[in-house]
Amino acid sequence: MEKSFDWGQLKRMGAYLKPYRRQLLPIILVTMILGTLSKLAIPYLISLAIDIAIFNKDGNLLVIYASTMLGLYILQWLVNNYRIRYINVIGQKVLYDLRYALFSHIQNLSFRFFDKRPAGSVLVRITNDVNSLQDLFTNGVVNLMIDCVQLLGIVIILLSLNFKLGLAIIVTVPLMFIVSGSLRKRIRWAWQDVRMKQSRINSHLAESIQGIRVTQAFTQEKENIKYFDDMNSVNKKSWDKASALNQSFGPIIELTAAIGTCILFWYGAHLIESQELKIGMLVAFANYIGNFWEPINRLGQMYNQMLVAMASSERIFEFLDEKPTVGEKEKPETLPLIEGNVRFDNIVFEYEKGRPALKGISLEAKAGESIALVGHTGSGKSTIINLLCRFYDPVEGRVLIDGHDIRDVTLQSLRSQVGIVLQDTFIFSGSVRDNIRFGRLDATDEEIEAAAKAVHAHDFISQLPFGYDTQVEERGNMLSMGQRQLLSFARALLANPRVLILDEATASIDTETELKIQEALKTLLIGRTSFMIAHRLSTIRNADKIVVLDHGNIMEEGTHEELMKQGGIYFGLVEAQYKFLSEAG
Ligand SMILES: Nc1ncnc2c1ncn2[C@@H]1O[C@H](COP(=O)(O)OP(=O)(O)OP(=O)(O)O)[C@@H](O)[C@H]1O
Ligand SMILES: [Mg+2]
């Protein structure tokens with residue numbers, strides 16, 4: 001898991017700073033030039049004050065030196081204020097851009113991407129990983145440059161003021177790096193460990209909050225708390241270890257600084273004796289050394305910060321590099337207004353290699369026909385629908401709409417003409433009205449109400465505290481399953497698609513509502529090609545064609561009457577359901 005410094009990645013991150021070059025440049029220049037000059041000039045002025053003004057007892061000159069120094073201190077203060085204020089602003093803008101890029105990229109990724117990852121881990125990337133780049137973008141990059149320049153400046157000054165003394169002190173730096181080498185490595189590992197533990201906690205957290213109802217229903221709270229507690233304490237331990245190691249780095253630098261100071265006074269005194277150095281210069285040296293270790297210490301910390309940022313940016317780029325598996329071809333056509341002839345042409349499909357979910361499906365729906373898909377759970381009903389909406393691409397075969405292979409057309413033009421009520425209806429937080437409007441964003445309020453009325457959702461909506469303006473929480477927790485389904489019906493109807501798909505749409509609706517829905521469906525289906533999946537077989541009795549699936553194969557195909565006469569699987573399913581219902585009732 002040891003990761004070395006990845007310059008390519010750093011460069012890629014740097015590209016996010018590019019749009020702000022013009023704003024950054026003055027800040028960098030000002031802090032670099034004015035900040036460094038004023039900082040480096042002060043110790044030199046001190047030496048002049050001692051060696052010239054005080055040595056010659058020249059009070060006026062001393063005042064001039066002192067006030068120049070004061071001026072420089074004020075300048076430094078101003079420069080720092082300026083830098084901190086504007087760098088933060090730019091840093092936040094970069095993070096904003098990055099979050100935007102990440103979110104909009106993820107929006108377009110295909111189902112396969114989300115199949116592979118828990119929602120929690122996707123979440124963590126947009127929040128934590130981007131946040132952990134904050135330090136890098138707000139202070140990191142600029143501080144790094146400034147520190148390097150300052151260090152270089154000090155080295156040059158020390159060597160040019162007194163080459164021998166300068167050299168004697170500077171040799172302690174590589175010494176420190178050698179001594180601290182293994183420690184730095186351990187620190188790096190420790191932080192990597194912390195990050196891993198943390199991302200595990202985050203994923204678990206998201207999952208357990210999403211699953212809280214199941215947890216409570218099965219009274220697994222205690223176990224869940226214990227599991228979290230274990231993770232939490234492991235996480236804490238790794239933090240403790242990392243920060244303890246980190247803190248042991250400071251004393252090493254202090255020790256080296258102390259050695260440097262010893263060398264300075266011992267060798268400096270020597271040089272003063274032999275008249276090669278004046279006292280003021282010795283004081284200046286002491287000052288420079290003070291300034292010398294500060295940036296080195298910061299660079300050490302910064303190195304860790306960089307590694308954290310590196311790990312985060314790696315994860316961010318992993319997502320950004322992810323291509324939608326269902327992509328548009330080079331120059332996709334726009335699917336013209338369709339009539340609704342759908343043809344599945346010998347479709348083979350697998351979610352995972354070697355486990356085919358559809359094993360050669362050929363199926364045709366003429367414009368306006370209603371097709372019902374039935375079959376045992378896991379037989380491939382939803383999968384057929386997923387392919388029609390092009391959430392996935394088939395491994396073999398093609399799906400044609402009005403003769404167009406759906407891989408040749410833009411996703412927008414395809415999906416805008418295919419309406420779907422998914423098996424797990426999703427209600428977004430917002431008003432009921434907004435949730436219906438999701439079907440077609442430019443719909444008027446009247447159109448929304450008309451759609452709701454058509455699917456018999458209007459009655460229950462009017463009874464909500466604020467009617468259409470009632471706020472439903474995320475996932476529509478305050479609505480019943482049936483109500484949620486009615487809403488998604490209205491949503492699909494509003495979109496007015498030529499091809500309509502209802503996956504299990506009537507599964508959780510009571511008999512009375514179901515009758516209403518049946519009525520609504522009749523109007524809803526007129527003139528549209530429709531694919532209906534229903535476990536309640538009474539719902540699909542009137543379909544133009546019933547298709548019976550089993551383990552990814554089509555077993556039977558025909559109208560209700562034909563299939564009943566045939567006495568095959570469908571007949572068996574109807575019999576079983578009838579028996580079950582009459583026994584239960
Ligand atoms: N996202 C997925 N990743 C991997 N395998 C999947 C995925 N979705 C479905 N499958 C598998 O594909 C097969 C067909 O699933 P599909 O969802 O089409 O069944 P279904 O007929 O709709 O069942 P149900 O009536 O329970 O909704 C099943 O064996 C299922 O395990
Ligand atoms: Mg299904």
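We did not get these values from a lab; they are worked out from the coordinates using the rules stated. Note that this is a predicted model, so its numbers are computed, not measured. Because the Cβ atoms are built from the backbone with ideal geometry, glycine has one as well, and the counts that use them run over all protein chains shown.
Only Cα sites of the range 409-496 enter the Debye sum here, all with the same form factor; the resulting log10 I(q)/I(0) across q = 0.11 1/Å is -0.27, listed in q order.
On average over all directions, what projected area in square nanometres does the range 75-119 have, based on the convex hull of its Cα atoms?
Values: hull surface 16.6 nm².
If you wrap the Cα atoms of the range 75-119 in a convex hull and average its projections, you get 4.1 nm².
Positive end of the dipole of the chain (Cβ unit charges, origin at the Cα centre): among 580, 282, 77, the Cα lying farthest that way belongs to 282. Ranked for footprinting exposure by Cβ neighbours inside 10 Å, fewest first, 266, 189 give 266, 189. Working note: Cα atoms of the range 1-138, range along each principal axis, descending, whole Å: 82, 33, 23.
At the listed q of 0.18 Å⁻¹, the Debye profile of the range 420-552, built from one uniform point per Cα, gives log10 I(q)/I(0) equal to -0.96. Placing a label point 7 Å from the Cα of residue 253 along the Cα-to-Cβ line, no residue of the range 7-48 has its backbone N under 15 Å from it. Kirkwood radius, the range 141-284, all distinct C-alpha pairs, inverse of mean reciprocal distance: 19.7 Å. Here the label points at residue 582 and residue 496, each 7 Å from Cα along the C-beta direction, are separated by 4.6 nm in the simple model.
Compute, for the chain, the length of the dipole vector about the Cα centre, with Cβ point charges of +1 (Lys, Arg) and -1 (Asp, Glu) only. Units Debye, rounded to 20.
So the dipole magnitude of the chain works out to roughly 2080 debye.
Determine by what factor the alpha-carbon radius of gyration of the range 96-224 differs from 2.2 N^0.38 Å, reporting the quotient. Spell out each step's value before the answer.
Working: Rg = 24.1 Å, N = 129, 2.2 N^0.38 = 13.9 Å.
For the range 96-224, the normalised Cα radius of gyration is 1.73.
When the Cα centres of the range 236-296 and the range 1-78 are compared, how far apart do they sit, in Å? One Cα centre to the other: 20 Å. If R0 is 22 Å, the Cβ-Cβ spacing of residue 175 and residue 286 corresponds to a FRET efficiency of close to 0.70. Placing unit charges on each Cβ (+1 for Lys and Arg, -1 for Asp and Glu) gives the chain a dipole about its Cα centre, and among 441, 490, 523 the Cα reaching farthest toward its positive end belongs to 441. Which parts of the range 360-380 would a label at residue 518 reach, counting a residue when its backbone N lies under 17 Å from a point 7 Å out along Cα-to-Cβ? Correct set: 372.
Near residue 427, the amide H atoms lying under 5 Å from its own belong to 475, 476; only residues 5 or more places off or on other chains count, and H is placed 1.01 Å from N.
Can you tell me the length gained on complete extension of the stretch residue 473 to residue 337, counting 0.36 nm per residue apart and subtracting the Cα distance? Walk me through the numbers before you get to the answer.
Details: separation 136, 0.36 × 136 = 48.96 nm, distance 3.57 nm.
Extra length from residue 473 to residue 337 when fully extended: 45.4 nm.
Output the antiparallel fraction of DSSP beta bridges having both residues in the chain, as a percent to the nearest 5. In the chain, DSSP labels about 55 percent of beta bridges as antiparallel.
The residues neighbouring residue 248, those whose beta-carbon lies less than 14 Å from its own, together hold a net charge of +3 under the Lys/Arg +1, Asp/Glu -1 convention. Placing a pseudo-label 7 Å from each Cα along the Cα-to-Cβ vector at residue 107 and residue 270 gives an inter-label distance of 6.9 nm.
When the chain is fully extended, how far beyond the present Cα-Cα distance does residue 453 get from residue 233, taking 0.36 nm per residue of separation?
Details: separation 220, 0.36 × 220 = 79.20 nm, distance 5.45 nm.
Using 0.36 nm per residue and subtracting the Cα-Cα distance, I get 73.8 nm.
For each pair in 359/381; 11/116; 545/565; 116/366; 93/241, compute the distance between the two Cα atoms and list the pairs where it is over 24 Å. The answer is 11/116; 116/366; 93/241.
From its DSSP helices (H runs of at least four residues, each -39,500 (n - 2.57)), the chain gives a residue-normalised ellipticity at 222 nm of -19500 deg cm²/dmol. Among 315, 125, a tally of other beta-carbon atoms within 10 Å of each Cβ gives an order, fewest to most, of 315, 125.
Under the convention that each Lys and Arg Cβ holds +1 and each Asp and Glu Cβ holds -1, the size of the dipole of the range 1-159 around its Cα centre is about 720 debye. Residue order for 570, 267, fewest other beta carbons within 10 angstrom first, comes to 267, 570.
How big is the range 259-299 by the Kirkwood estimate over distinct Cα pairs, in Å?
Numbers: mean 1/r = 0.0932 Å⁻¹.
Mean inverse Cα-Cα distance, inverted, gives 10.7 Å.
Give me the dipole magnitude in Debye, nearest 20, for the range 85-234 about the Cα centre, with unit charges on the beta carbon: positive for Lys and Arg, negative for Asp and Glu. The partial results should precede the final answer.
Working: 18 positive and 11 negative charges, 52 e Å.
So the magnitude is around 240 debye.
Under DSSP H, which helices of the chain have Cα atoms covering 27 Å or more of the helix axis and a Kyte-Doolittle average no less than 1.6?
Qualifying helices, which must be both long enough and hydrophobic enough, are 141-161.
Ordering 44, 500, 162 by Cα displacement along the dipole of the chain toward the positive end leaves 162 in first place; charges were set at the Cβ atoms of Lys, Arg (+1) and Asp, Glu (-1).
Distances between every pair of Cα atoms in the range 1-79, grouped in 10 Å steps from 0 to the bin holding the largest one, split as 16, 27, 21, 16, 12, 7, 0 percent.
Overall shape of the chain was characterised from the C-alpha gyration tensor. The equivalent ellipsoid obtained from it has semi-axes of 72, 25, 22 Å, in decreasing order.
Ordered from longest to shortest, the equivalent ellipsoid semi-axes for the range 182-245 are 31, 11, 5 Å, each the square root of 5 times a Cα gyration tensor eigenvalue.
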